[in-house]
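Engineer: Take a look at this one; I'll ask things after.
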Amino acid sequence: MKLDLPGEDHPARLAVRAFLAEHPDPNGAALAEAGYVVPHWPSPWGLGADPLSQLVIDDELHLAGIRRPVNPIGIGWAGPTLLHAGTPAQQQRFLPRLLSGEDFWCQLFSEPGAGSDLAALSTTATLDRDEFVVTGSKIWTSYGHIARYGILLARTDPTAERHHGISYFVCPMDLDGITIAPVVDMTGDHAFNQVFFDEVRIPSDCLVGELHRGWSLAKVTLANERVSLSGEGALWGRGPTVTDLVELVRSAGRPLSPTLRARLVEVYVEAEVLAMVRQRLLSAVLAGRAMGPEASVRKALADEHGQHLMTLAVDLAGPAGQLRGRGPLGTEASDVLGWSHGFLYAQALTIGGGTAAVQRNIIAERLLGLPRDEVATPEA
């Protein structure tokens, strides 16, 4: 199943070309003001574009080599939640610089003692006149050390049942009492952090939605997260693809063992299945149906595919696969594709953004209609 895009005379295509004629090298602010960062959003943030027009806009920007601002948590997760439940004042305050990429955002959900059971969070926020006093800590906060704002879940009613009494905040990351400690992962990169809150005072106008009703907003954020994490690259939408691996093997011109040859075919088939799942999701959107737990299906498949692909790439490299910067069949990889780095990074795929077990609980209960697993407690 493949979607054919409209031709040269489609209005969205002509509009993008007219915009680029006036702005041949647009920055994030220009793209955001024109509505091209989130064209499916309503005005004034987007163009209210239907799914087909959105695909046309994406195609034109890609053909022109134009990249949208890099702000994945802000644009992909915080933005939709603010659009869904933020006040007009909050939207005017946060969305323009969020969409332009001028204000980078992070996520403050996971906690050291909660694991995948997000509802077990223990960070508290107590109302004191016109401020909430926040105490606790968060873990695995990607790029919290460079973020301007974070989306924060905190318990505002400790007496409520587990999925109640939780509130959703926008947290300025420069407030007094916030301490950020780096967490260096096995690749050697510093992307993750642990964030400590020592009686941090967040203004009450940073509360998003209703007090104690933040769990429903967390589910909005997590649904967008799982769609965002399921892109074309094998590493949460980034990094190399199976096509890159096949091209390297083909260009090397070396025969493979029957086992490696079979594994390469299997990984290629996985990629084709994922492409069809993505087209199915796009087709559903084009037909006016919202993506729900189906996003968990794609994420569950994509995470394992990424690990299979990167493991095969290292195995194809042989002994050289133990060295940084070496790719399949001994090729240099540090400059572009980063196979050795990707192998280490891929170990996190089935954990981040909702563990593989959580995704399968969601699929079992919400798609297959199976009874709830009383032992497991899905985070969304």
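Engineer: With N denoting the number of residues in region 105-214, provide Rg(C-alpha) divided by 2.2 N^0.38 Å, to two decimal places.
Structural biologist: 1.02
Engineer: Using the Cα centre of the chain as the reference point, and only Cβ charges (+1 on K/R, -1 on D/E), how large is the resulting charge dipole? Debye, rounded to the nearest 20.
Structural biologist: 680
Engineer: Determine the gain in length on full extension of the stretch Ala89-Asp128; use 0.36 nm per residue of separation and subtract their C-alpha separation, reporting nm with one decimal.
Structural biologist: Between Ala89 and Asp128, full extension yields 11.9 nm more.
Engineer: I've got another one for you. Give me the net charge for the shell around Ile202: Cβ to Cβ below 15 angstrom, other residues only, Lys and Arg +1, Asp and Glu -1.
Structural biologist: -2
Engineer: Now for a separate question. If each of Asp315 and Glu210 carries a label point 7 Å out from its Cα toward its Cβ, how far apart are those two points in nm?
Structural biologist: Inter-label distance under the simple model: 5.3 nm.
Engineer: Something else now. Helix 242-252 versus the longest principal axis of the chain: what angle, 0 to 90°, nearest 10, using Cα atoms?
Structural biologist: It works out to around 30 degrees.
Engineer: Okay, moving on. Over the residues of region 127-182, compute the C-alpha Rg and express it relative to 2.2 N^0.38 Å.
Structural biologist: Scaled against compact globular proteins, the figure is 1.22.
Engineer: Let a ≥ b ≥ c be the square roots of the eigenvalues of the Cα gyration tensor of region 11-63; is it rounded (a/c under 1.5), or, if not, prolate (a/b larger than b/c) or oblate?
Structural biologist: Oblate is the answer for region 11-63, as a/c is 1.5 or above yet b/c matches or exceeds a/b.
Engineer: As an exercise, use a Förster radius of 51 Å and the Cβ-Cβ distance of Leu5 and His190 to find the FRET efficiency, rounded to the nearest 0.05.
Structural biologist: 0.80
Engineer: Rounded to the nearest 5, what % of DSSP beta bridges with both residues in the chain are antiparallel?
Structural biologist: 85
Engineer: I need the chymotrypsin sites (Phe, Trp or Tyr not before Pro) found in region 33-123, filtered to DSSP loop residues with at most 12 other beta carbons within 10 Å of theirs.
Structural biologist: Within region 33-123, no chymotrypsin sites (Phe, Trp or Tyr not before Pro) qualify (loop, at most 12 other Cβ atoms within 10 Å).
Engineer: What is the order of Thr123, Thr259, Thr187, fewest Cβ neighbours within 10 Å to most?
Structural biologist: Thr259, Thr187, Thr123
Engineer: Still on this structure: With θ set to phi - 60° and the Karplus curve 6.51 cos²θ - 1.76 cosθ + 1.60, what are the ³J(HN,Hα) couplings of region 56-61 in order, to the nearest whole Hz, using x for Gly and Pro?
Structural biologist: 5, 4, 4, 5, 5, 5
Engineer: For Val183, which sequence-distant residues (separation of 5 or more, or a different chain) have an amide H within less than 5 Å of its own amide H, given hydrogens modelled in the peptide plane?
Structural biologist: The answer is Phe192, Asn193, Gln194.
Engineer: Looking only at Ser43, Ser167, Ser53, which one moves most when the chain is put into a Gaussian network model with springs between Cα atoms under 10 Å?
Structural biologist: Comparing Ser43, Ser167, Ser53 in the GNM, the peak value goes to Ser43.
Engineer: Running Debye on region 65-127 with equal point scatterers at the Cα sites and no solvent, what base-10 log of I(q)/I(0) appears at q = 0.21, 0.23, 0.28 Å⁻¹?
Structural biologist: Calculated log10 I(q)/I(0) at the listed q: -0.92, -0.97, -1.08.
Engineer: Next question. Helix-only mean residue ellipticity at 222 nm, the chain, DSSP H runs n ≥ 4 weighted -39,500 (n - 2.57), per residue, nearest 500. What is it?
Structural biologist: Theoretical 222 nm ellipticity from helices: -12000 deg cm²/dmol.
Engineer: What are the ³J(HN,Hα) couplings of region 169-179, residue after residue, when phi is run through the Karplus curve with 6.51, -1.76, 1.60 and θ = phi - 60°? Round to Hz, x for glycine and proline.
Structural biologist: In residue order, the calculated couplings are 10, 9, 10, x, 7, 9, 6, 4, x, 8, 10 Hz.
Engineer: Okay, moving on. Taking θ as phi - 60°, what are the ³J(HN,Hα) couplings along region 49-55 by the Karplus curve (6.51, -1.76, 1.60), each to the nearest whole Hz, with x for Gly and Pro?
Structural biologist: In residue order, the calculated couplings are 5, 6, x, 5, 5, 4, 5 Hz.
Engineer: Which residue, Ala114, Leu264, Pro293, has the largest displacement toward the positive end of the dipole of the chain when charges sit on each Cβ (Lys, Arg +1; Asp, Glu -1)?
Structural biologist: Result: Leu264, furthest along the dipole toward the positive end.
Engineer: Can you list residues whose amide H is under 5 Å from Leu47's amide H, if they're 5+ apart or on another chain and H is modeled 1.01 Å from N?
Structural biologist: The list, which skips near neighbours in sequence, is His40, Trp41.
Engineer: Here's a follow-up. Quick one: which residues, 5 or more positions from Leu127 or on another chain, have an amide H under 5 Å from its amide H? H modelled 1.01 Å from N in the peptide plane, none for Pro or chain starts.
Structural biologist: Val133
Engineer: Then there's this: Where does the chain land on Rg(C-alpha)/(2.2 N^0.38 Å)?
Structural biologist: Taking N as the residue count of the chain, the ratio is 1.05.
Only the coordinates and a few stated rules stand behind these numbers; no lab work does. Here the structure is a predicted model, which means the values were calculated and not measured. Counting neighbours? That spans all protein chains shown, and the Cβs are built from the backbone with ideal geometry, glycine included.
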